[in-house]
1. How would you classify the chain from its alpha-carbon gyration tensor, with a ≥ b ≥ c the square roots of the eigenvalues: rounded for a/c under 1.5, else prolate if a/b is greater than b/c, otherwise oblate?
2. If exposed means no more than 10 neighbouring beta carbons inside 10 Å and the site is in a DSSP loop, what's the longest run of the chain without any exposed GluC sites (Glu not before Pro)?
3. Rounded, prolate or oblate: which fits the stretch 59-99 when a ≥ b ≥ c are the square roots of the eigenvalues of the alpha-carbon gyration tensor, with rounded for a/c under 1.5 and prolate only if a/b beats b/c?
4. Under the definition of Cα pairs under 8 Å and six or more residues apart, what whole-number percent is the relative contact order of the chain?
5. Write out the trypsin sites (Lys or Arg not before Pro) in the stretch 9-99 meeting two conditions: DSSP loop, and at most 16 other Cβ atoms within 10 Å of their Cβ.
Amino acid sequence: MWLKENHPQLLEQAHAWLFISSLINHRLTGEFTTDITMAGTSQMLDIHQRDFSPEILQATGLPRRLFPRLVEAGERIGTLQNDAANLLGLEAGIPVISAGHDTQFALFGAGAEQDEPYSRPVRGKS
């Protein structure tokens, strides 16, 4: 809102509204995407429609065109482009997947399987 109120010309000139992970993925692949778990942290996602909420976007005055295509965490979003490959010392064309938000992916690190609720008791001394 601050940007819209204080520098509306920048918002009008903007090509995309990206999370850091989306910016990194764009630099790697040339694709504009945001994974659904990151989009959920924006508080602008309609979880039932699995898209940015038209009502919230209208209330904020942010156009939908700024927000990239939504993808699932772990979905292939493109391939590593030549510039990024050269910079990283990797082979161009390897698949790049969308990363998920750290909280969701921490569950996998803790041993949860896909589509499985997970809870582990916390033990310690107080």
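Just so it is clear, none of the values below were taken in a lab; they were calculated from the coordinates. Everything numeric in this text was worked out from a predicted model, so none of it was measured. Heads up, the Cβs are rebuilt from the backbone with ideal geometry, glycines too, and the neighbour counts pull from every protein chain shown.
1. Details: a/c = 2.10, a/b = 1.18, b/c = 1.78.
Cα axes put the chain in the oblate bin.
2. Numbers: sites that count: E91, E113.
Formally, the longest exposed-site-free interval is 1-90.
3. Values: a/c = 4.05, a/b = 2.20, b/c = 1.84.
Taking the square roots of the gyration eigenvalues as a ≥ b ≥ c, the stretch 59-99 is prolate.
4. On the way: 146 pairs, mean separation 29.5, N = 126.
Averaging sequence separation for qualifying contacts and normalising by length gives 23 percent for the chain.
5. Numbers: sites: R27, R50, R64, R65, R69, R76; in loops: R50.
Passing both the DSSP loop test and the Cβ count: R50.
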